[in-house]
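Have a look at the structure below, then the notes.
The values are calculated or read from the model by the stated rules, or taken from the named source; none is laboratory data. Everything quoted here is computed from the prediction, not taken from an experiment. Here the Cβ positions follow ideal geometry from the backbone for every residue, glycine too, while neighbour counts run over all protein chains shown. Surface areas here come from the heavy atoms of the whole protein model, side chains and all, with no ligands, DNA or RNA. Shrake-Rupley method; radii C 1.70, N 1.55, O 1.52, S 1.80 Å.
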Amino acid sequence: KPLKLVLENFGPFLDSQMVDFTELDEIFLISGPTGSGKTSLFDGMVYALYGELPGTRDPLRIKSNFSDEQGTARVILDLRARGKVYRIQRSLTFSRNRKGELNPRKDQSIFELRGEDKKEVPVPEAAKLSDLNRFVVELLHLSREEFSKIILLPQGEFQKFLEEDSKGRQEIMRKLFPTE
């Protein structure tokens with residue numbers, strides 16, 4: 001369950017914007033006009049969890065068009081999973097190479113297990129980024145692709161789910177409702 005999401009220079013959000021999901025009911029609706037940042041909220045969650053955007057989105061689109069061309073986009077996600085509270089922070093820095101092309105560089109990924117008193121509980125740092133990514137998959141029991149299909153169901157993708165053959169739908173449903 002997402003608890004708090006902070007987006008900094010991410011998507012349409014300039015500077016730092018925060019969504020506190022604890023202020024919302026269990027079921028809520030995110031609505032707004034086209035271009036207001038609805039999809040960016042979900043992109044931010046996926047980027048925090050998996051270090052990549054959902055589907056085949058271009059990583060150069062992470063950084064806000066309203067911020068300087070070069071600089072850092074950052075996402076912080078607090079979430080509750082398996083009775084514990086975690087914080088994952090990831091950032092992406094953009095700079096120009098010698099040819100003048102804009103290149104993203106994954107900066108740091110910070111992972112914390114947070115105590116009930118909201119103080120950080122020391123967690124051994126992942127030796128590699130791949131360790132953090134593997135931990136998230138094990139924690140959620142979902143890969144980025146599965147999370148995108150099952151949890152997000154991106155715009156326009158629901159029709160594809162409906163049109164899947166029975167085997168494809170069955171795979172997705174088994175992930176959602178583990179049964180033997």
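Assorted remarks:
- Test: residue in segment 43-60 that is open to solvent by 20 Å² or more (accessible area, probe 1.4 Å), modelled with pLDDT under 85 and either part of a strand (DSSP E or B) or farther than 22 Å from Leu140 by Cβ (or both): yes
- Options Phe135, Phe111, Phe147; residue that is open to solvent by less than 100 Å² (accessible area, probe 1.4 Å), assigned to a strand (DSSP E or B) and at pLDDT 70 or above: Phe111
- Search result, residues across segment 68-99 that are open to solvent by 20 Å² or more (accessible area, probe 1.4 Å) and either of a type in the set (Lys, Arg) or modelled with pLDDT under 75 (or both): Asp68, Glu69, Gln70, Arg74, Arg80, Arg82, Lys84, Arg87, Arg96, Arg98, Lys99
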